[in-house]
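First up is the structure itself, then whatever we jot down about it.
The values are calculated or read from the model by the stated rules, or taken from the named source; none is laboratory data. Since we're looking at a predicted model, the values are computed, not measured. Virtual Cβ from ideal backbone geometry, glycine too; neighbours counted across all protein chains shown. Keep in mind that these areas ignore ligands, DNA and RNA; they rest on the heavy atoms of the full protein, side chains included. Shrake-Rupley method; radii C 1.70, N 1.55, O 1.52, S 1.80 Å.
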Amino acid sequence: MNTKPTLVVIGNGMVGQHFLANLVLSPMKDEYHIVTFCEEPRPAYDRVHLSEFFSGKTAEDLSLVEPGFFEQHGITLHLGDKAVSIDRASKTVMSARGIEIAYDKLVLATGSYPFVPPVPGHDRPQCLVYRTIEDLVAMQAAAQSGKVGVVVGGGLLGLEAAKALTDLGLKTHVVEFAPRLMAVQLDEAGGALLRRKIEDLGVTVHTNKNTSLITDGENCVNKMCFADGTELETDLVLFSAGIRPRDELARLCGLDMGARGGISINNQCQTSDADIYAIGECALWNGMIYGLVAPGYAMARTVIAHLAGKYASFMGADMSTKLKLMGVDVASIGDAHAKSQGALVYSYQNDDSGIYKRLVVSQDKQFLLGAVLVGDASSYGTLLQYCLNGIELPENPETLILPASADAPVALGADALPGSAQICSCFDISKEAICQAVSAGCTTVDQLKAETKAATGCGGCASLVKSVLNAELTQQGYTVNTDLCEHFAYTRQDLFSLVKVGGIKTFADLLAQHGKGKGCEICKPAVASILASCWNDYILKPEHAHLQDTNDAFLANIQKDGTYSVVPRVAGGEITPDKLIALGQVAKKYQLYTKITGGQRVDLFGARLEQLPPIWAELIAAGFETGHAYGKSLRTVKSCVGSVWCRYGVDDSAALAIELENRYKGLRSPHKLKFGVSGCTRECAEAQSKDIGVIATENGWNLYVCGNGGMRPRHADLFATALDKATLIQYIDRLLGFYVRTADRLQRTSVWLEALEGGLGYLKAVVIDDKLGICGQLEEHIQQVVDSYQCEWQTTLQDEDKLKRFRHFVNSDRSDDNVVFVEERGQLRPADANERKHYQIVETV
Amino acid sequence: MTTWQTVCEVTDLQADAGVCALVDGVQVAIFYLPAEAAVFALGNYDPLADANVLARGIIGDIGGELVVASPLYKQHFSLSTGACLEADGVAVPVYPVRIAGAGVQVCV
Ligand code: SRM
Ligand SMILES: Cc1cc2nc3c(=O)[nH]c(=O)nc-3n(C[C@H](O)[C@H](O)[C@H](O)COP(=O)(O)OP(=O)(O)OC[C@H]3O[C@@H](n4cnc5c(N)ncnc54)[C@H](O)[C@@H]3O)c2cc1C
Ligand code: SF4
Ligand code: FES
């Protein structure tokens, strides 16, 4: 028989599971026989990321329970069974299925339920809430037959729900009782800006609306009637009007409750019965119910410590939050409403770029009390640290929210934080704990995540965790291994200097002098790129050909089926009708799938290896040249039509784009390069998302640098203003020369700048003021590359020997029979595995 | 049983890289390391990418083992055993191959 005391946990939600997961890590796990009741049909899952269910995450993906967790730790799980009563006299819990368990200690982790206002009709069909996976399945089903959805409640959750409804394809409305959105977190100006941004996304926002009735709709399933007499037809109604603690069990067994609900707990999370604890959203501490997961986790840890007889207290939690709501960054820190006595407010509002920031500062201007950020929350981490750790503010606190200028204080460095600073609030991980993990051998973010769990909750702390890690690695004298690969114990920068200074012209020489082994698919293309940057040789020369990455090796982009795509250069996106026709003729002749790219040119897909030379021969005859879509080199210079046609244009952006594209085409660099040139600030060429962006102004060209689209978009920084063309080109030459020299392998300019010590200010000093005295060399280097440009396809076609590479078989003219196309929307596309099987059968018959 | 077939000339090979030969209907990737006068032959089909592309990969060594990196998703296949270094249990066939005079011979 079981002689251990029994610990019963009611509720296996986020907090209940956090409690169990931490309990089994503590010595207390051997002291108790552990039983848990889970009302839902599945054990705990990640409610915080619930909406990702709509973007394809499955219930399993969202699970917070490692497979085999309960069995492995001997925890009895009653799945799909709800605790219905607690008898405190006999210390037993009774479940809906009639299971009765005697407890020694009891933990209530029953969470909360969505509040549904008691409006007549609130229980009509398709009136739903947003809390469980089952709720989401119901939303999906309702959305399938409907067209319109209304979210009741414009708070954090309501806006997240609105995003879910738009993603489900519904015309979405948000109805809010208060005069503004996110009334709890945002002030009036912040709320107004958020509203505008959300309306821009096609969601209609109704504030000051009080729903009085839901009834039959005429065109939709439901009709909402408001107190002001207006009406709104909708198929789906989603209530997101706040949460209410699930305290019914506690109420029934006579535990102390708050006047407006919630199970009262003390600092040790004990209820009025010392053997019963309450944690998470069902618990009321100091008159507060916390609707966030981090405070619940802190309560769970407190209980474990208390069970172990240690002194531990829950002392409230910070409610700061940072979220991306419908793509809009929103953050609120501390005393956002400036309720503290004598608080001073600084605010910055930019309606053009949709940014609002507000700082709440102590009367003596020493400390940050709170902040609101809408539209740009990049400074959240820094501001939160100022606020939580009482770090003294810079002399002019407003510099923390004003747009960066060269002399603005950079983000608070990890070094400035005290050891006790809480870095990850979800798992209560201090800077000290991270430093200890680093001492214990963690050298990457992934290792840190596995070791400490930091950054594995809401993820809001990820970038801070990374900078603490890096700072600590440096502090502890770790040399982070920056070797390119096992063949070269050098960084890319080192190798660049070795090649340049040593006048090394081939991979074989570099390997013999500075490396070992035979090389690999990392160092070979990296060195090929360095050699090309330095000497600009034809990349398919015998000594270079075998180094090239697949795409460079065949001067085309490989596709999933082993065929290639062909992208001729269309400088600035400008193309004559004759050339367009020629493109079409080639595509038609070789039956190539044809698509306009995101880079203002045309991509022809599905060319077999052996078709590349004849295709290019025809393209070159029609006046085209290679577009380097395959190279880590200049891709495109996107342009707008500019002053020649556009009624707003201030300068000839198209002409400049073409000139720039022709100047830098063929420059091999650490990663691909993209430019944009716009004819006025309307910015139709999206220059500010490019590595190099140029915008025409009345006073000359403005130069923006180091922007990025793609995986981690970054707005380009304004680098210099009112330039004439010669100076503009001079700066671009220098900047690219410096990038090619100093960047890491496959490091885009955006990441390069962020890693560059001294940042934008330093880059300006190097490029504009020639701080390092190297601008002459940089310009000369780029000029040499410009002067030695050749169209690689033209060179290739002139060399019989090179053309031999473009055969699928050395000993046969046949083509690869694994390449099979089917027709779709009037063009060919690769067959999928099934279609291919079918095709092969047909062919052999 | 093992019959050597001459599939091409040494001059058809690509130094420090691969070419593909069609041998009795089988696609064979032949890799050539002129410094060692060595040749290796693997199946050209990359089972992870479902495409006939291995001959177009970059060759090199990982911890001393000669490998080709698939051009599509960069997994490494050993030139001597055909085993994939990243995916347990995945391997491509290895074929006997030799240089005989000016010719390159393979058995499939
Ligand atoms: C064809 C195209 C998509 C389209 O149908 O429109 C395309 C296709 C590919 N892109 Fe792209 N990208 C294309 C425009 C873009 C753009 C838009 C732009 O240039 O304005 C972006 C975002 C802008 C940017 O780069 O900052 C873009 C961001 C990426 C990224 C992410 C880069 C990043 O720094 O985050 C990759 C992956 C990478 O480079 O590592 C990528 C990689 C690729 C590759 C090369 C993936 C691959 O290795 O197979 C695709 C093959 C191209 C081919 O021809 O087979 N592509 N790609 C576009 C070709 C433009 C051109 O004319 O050259
Ligand atoms: C869509 C959404 C987004 C959110 N986003 C964030 C966010 O970004 N950041 C953040 O901090 N928080 C967020 N939250 C809030 C967060 O999910 C909650 O704070 C957290 O889940 C609370 O954990 P809990 O264990 O107290 O409650 P729950 O996770 O609700 O768990 C309680 C469990 O107990 C069960 N239960 C109740 N009564 C019984 C009974 N009698 N017997 C058996 N089982 C019972 C319930 O069925 C439930 O499974 C979000 C919530 C939602 C719904
Ligand atoms: S950026 Fe300005 S000049 Fe260029 S097309 Fe747009 S509005 Fe016209
Ligand atoms: S703060 Fe949420 S994961 Fe770190």
Residues in the range A:526-571 that, when all protein chains are in place, have 20 Å² or more less accessible area than the chain alone would give (probe 1.4 Å): A:H546, A:D549, A:T550, A:F554, A:I558, A:K560, A:G562
Estimated distance in nm for a label pair at A:Q476 and A:E52, the labels positioned 7 Å out from Cα along Cα-to-Cβ: 2.8
Rounded percent of accessible protein surface that carbon and sulfur make up, the protein assembly as shown, 1.4 Å probe: 51
Among A:V767, A:T795, A:V810 - extreme Cα towards positive end, dipole of the range A:767-821, charges at beta-carbon: A:V810
From phi via Karplus (6.51, -1.76, 1.60), per-residue ³J(HN,Hα) for the range B:17-29 in Hz, x at Gly/Pro: 8, x, 9, 10, 10, 9, 10, 6, x, 9, 7, 10, 8
Cα-centred dipole magnitude for the protein assembly as shown, charges only on beta-carbon of K, R (+1) and D, E (-1), debye, nearest 20: 420
Potential lengthening between A:V84 and A:K466 on full extension [0.36 nm per residue; Cα-Cα distance subtracted]: 132.9 nm
Heavy-atom accessible area, 1.4 Å probe, ligands and nucleic acids excluded: residues of the range A:790-812 down by at least 20 Å² from chain alone: A:K804, A:R805, A:H808, A:F809, A:V810, A:N811
Kirkwood hydrodynamic radius of the range A:1-123, from inverse mean 1/r over distinct Cα pairs, in Å: 15.8
Rounded to whole Hz, the Karplus (6.51, -1.76, 1.60) HN-Hα couplings of the range B:47-60, x for glycine and proline: x, 7, 9, 6, 8, 8, 9, 4, 4, 9, x, 7, 9, x
Positions from the range B:14-44 whose accessible area shrinks by 50 Å² or more when the full protein complex is built, not the chain alone, probe 1.4 Å: B:Q14, B:C20, B:L22
Cα-based shape type of the range A:699-845, given that a ≥ b ≥ c are square roots of the gyration tensor eigenvalues and the cut on a/c is 1.5: prolate
Where the Cα pairs of the range A:464-535 fall when distances are cut into 10 Å bins, in %: 19, 44, 20, 16, 1
Alpha carbon centroid spacing (whole Å) that separates the range A:735-771 from the range A:508-524: 27
Long-range HN-HN contacts of A:S212 with modeled amide H, under 5 Å: A:C225, A:F226, A:A227
Net length gained if the chain between A:N266 and A:E392 were fully extended (0.36 nm per residue, minus Cα distance): 42.1 nm
For the range B:5-106, alpha-carbon Rg relative to the globular expectation (2.2 N^0.38 Å, N residues): 0.98
The range A:301-359: chymotrypsin sites (Phe, Trp or Tyr not before Pro) falling in loop per DSSP and having at most 11 other Cβ within 10 Å: A:Y311
Antiparallel DSSP beta bridges within the protein assembly as shown, percent to nearest 5: 70
Computed E for A:E683/A:E233 - FRET, C-beta separation, R0 45 angstrom, nearest 0.05: 0.70
Computed E for A:A621/A:D801 - FRET, C-beta separation, R0 22 angstrom, nearest 0.05: 0.55
Enclosed volume per residue, in Å³, of the convex hull spanned by Cα atoms of chain A: 239
Reachable lysines from A:K589, criterion Cα separation under 20 angstrom, eight or more residues apart if same chain: A:K579
Size of the A/B contact, given as accessible area buried on both chains, probe 1.4 Å, in Å²: 2700
Residue (of B:V94, B:C107, B:N52) at the positive-pole extreme of the range B:16-108, dipole from beta-carbon charges: B:C107
Residues whose placed amide H lies under 5 Å from that of A:S272, excluding near-sequence neighbours: A:D256
Dimensions in Å of the range A:162-226 - Rg and Dmax from alpha carbons: 13.1, 38
Residue-normalised accessible area of the protein assembly as shown, given per residue in Å² at a 1.4 Å probe: 44
The range A:544-600 and the range A:792-838: distance between their alpha carbon centers, rounded to Å: 14
Built amide H within the under 5 Å cut-off of A:A317, gap 5+: none
